[in-house]
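Accompanying notes for the structure given below.
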Ligand code: 4UW
């Protein structure tokens, strides 16, 4: 059964992202309105600053790097208020932005730089050694590495992004003409339903559509000046101006990128940027800035429910928080409400959908608590019997559709569904049909109110604190360890951390000569970013369960893990 969104369809933008955000005729807030403020230093960029820096940076790219339409700029950085102008400048110059986790090892960054074909890389000076080495492996010269943030390179070897702006300012380049439906704005990396991380091509149209779809779900309730009086949930009194968002999630991940680095330029809501979450700083900033809204992930919800430090702060300005990127239990949401009176709603989506698909509503929080909310406008969805499509073509395999309340795999269609994986038509065909239906790899059901419950995944993906951990990538590393002949990685849920953690099952060459597990852990940890470490441990097994075509039976391993935890 195909279900349509209960919202009326929106008129979607037909312009590129820069024009959509900066040349809008119905913008209510002035150029001087603060949009991004650094949580630790209070350094602030107004809307006008972001636009001006973006244009200067874009001109700088064109004049200094001969920037052409479709060139890729990679950014390996924690959230920083310098990132939005760099992103919009690159888009202005016709480029595509590929964001990367700055915790990546040289090997991980090199993969993304190589695969995306990046021309320039932006990073913090503190991360220069890793980025420089990665650039060396793929032939990106030092003078194509650009620094952001307050710390500059004293040797003058690497340009600071503000010098690129200064050089651009004097030039007369104009914005590139773009085709919003076909030109890629972002190339973010996701493992999709199977395999290693792939570049998810998101067009300008995908992104502008999703920014607008999201505004509708928030029911235009987030306001820049508090002027709106018809709020579903009133601001706590006294009202001190508009909403304030606390941005504690990384801009390099699609969730933070859309919701925190792009959408505030549409809504005008001042966004306080915290580059790295820690619970005390988060609470201090909520108290200091009278934050009204924050986007979080389940492990942060756990802090709000249980961490002792939280009760020493005044968090009463928070009207709502939104959690997403991984499953969250109703039990934790209720604990937070009981303890702090803070309502947590959920959103659901994927990198491949720009990302937002479902959002909880403000006005029915108590009725819909624990669900992922309702489908955003202009989207259609169907729940289907899961099927194994690893051999092929999503168009050819027509899965059986299920009805309301029945559990199956979620398929979606709409303007924010990606164009395909960069340079990987096979992976694209496995999840995207020719008529635009995208298999999410997530399993769940829709209740009679149209709310989504995610209950499982049919894809391999593991989520550690909202970050993607692709098992296939980890398995690729593990078999390089001397003595390991086969292996499989699965996610197991850790209730104390409110997240999945990766666990490896390993077969050794000679069962009579056991592996040194600690040595394997150390060796492995030095090869991967922090979030991919095998926090669920390593288990030695005689063989990895597989089907007749050699596919790992992860469900069997999950059953083994469950039996072990219950023993
Ligand atoms: N419940 C259970 C959830 C949920 C979930 C995501 O790294 P990616 O590709 O993308 C994301 C996107 C997060 C996000 C999107 C829209 C939104 O409104 C929001 O706000 C709160 C967050 O993480 O991983 C996609 C995969 O992450 C899982 C699911 O398996 C999905 O395929 N996931 N949200 N609420 N699982």
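No value in this document is a laboratory result; all are computed from the given coordinates. Only a predicted model underlies this, so the values are computations on that prediction, with no experimental measurement involved. Heads up, the Cβs are rebuilt from the backbone with ideal geometry, glycines too, and the neighbour counts pull from every protein chain shown.
A few remarks follow.
- Some residue of the range 442-463 being in a strand (DSSP E or B), within 16 Å of the ligand (Cβ to nearest atom), over 30 Å from residue 303 (Cα atoms) and in contact with a strand residue (DSSP E or B) (Cβ under 6 Å, 6 or more places away or on another chain): no
- Scope the range 474-512; condition farther than 23 Å from residue 107 by Cβ, touching a strand residue (DSSP E or B) at 6+ places or on another chain (Cβ under 7 Å) and outside any strand (DSSP E or B); matching residues: 509
- Residue list for the range 324-347, filter: outside any loop (DSSP other than H, G, I, E, B) and away from the ligand (no atom under 14 Å from the Cβ): 331, 334, 335, 336, 337, 338, 339, 340
- Filter pass, residue 498 being surrounded by 21 or more Cβ atoms within 10 Å (Cβ to Cβ) and within 19 Å of residue 197 (Cβ to Cβ): no
- Subset tally (residues that are in a loop (DSSP other than H, G, I, E, B), crowded, with 23+ Cβ neighbours inside 10 Å and under 26 Å from the mean Cα position of the chain (by Cα)) for the range 53-83: 4
- Checking each residue of the range 308-323 against the condition of being near the ligand (Cβ under 9 Å from one of its atoms), within 20 Å of the chain's Cα centre (by Cα) and within 30 Å of residue 40 (Cβ to Cβ) gives at least one match.
- Under the condition of being touching a strand residue (DSSP E or B) at 6+ places or on another chain (Cβ under 9 Å), in a helix (DSSP H, G or I) and farther than 21 Å from residue 59 by Cα, the residues counted in the range 122-161 number 9.
- Residue match in the range 172-183 (condition: more than 18 Å from residue 252 (Cα to Cα) and assigned to a helix (DSSP H, G or I)): no
- Boolean, residue 512 is more than 16 Å from the ligand (Cβ to nearest atom) and within 30 Å of the chain's Cα centre (by Cα): no
Okay, residues lined up against (1) more than 15 Å from the ligand (Cβ to nearest atom); (2) closer than 17 Å to residue 356 by Cβ:
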{"residue": "242", "(1), (2)": "yes, no"}
{"residue": "250", "(1), (2)": "no, yes"}
{"residue": "255", "(1), (2)": "no, yes"}
{"residue": "262", "(1), (2)": "no, yes"}
{"residue": "269", "(1), (2)": "yes, yes"}
{"residue": "276", "(1), (2)": "yes, no"}
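- Residues in the range 185-209 that are over 15 Å from the mean Cα position of the chain (by Cα) and surrounded by fewer than 24 Cβ atoms within 10 Å (Cβ to Cβ): 193, 194, 195, 196.
- Restricting the range 427-441 to residues that are farther than 18 Å from residue 326 by Cβ and part of a strand (DSSP E or B), the residue that is farthest from the ligand (Cβ to nearest atom): 432
- Exactly one residue among 515, 562 is out of contact with any strand residue (DSSP E or B) (no Cβ under 7 Å at 6 or more places or on another chain) and either part of a strand (DSSP E or B) or surrounded by fewer than 21 Cβ atoms within 10 Å (Cβ to Cβ) (or both), and that residue is 562.
- Tally, over the range 348-370, of residues that are more than 16 Å from residue 319 (Cβ to Cβ) and either buried (at least 24 other Cβ atoms within 10 Å of the Cβ) or near the ligand (Cβ under 9 Å from one of its atoms) (or both): 11
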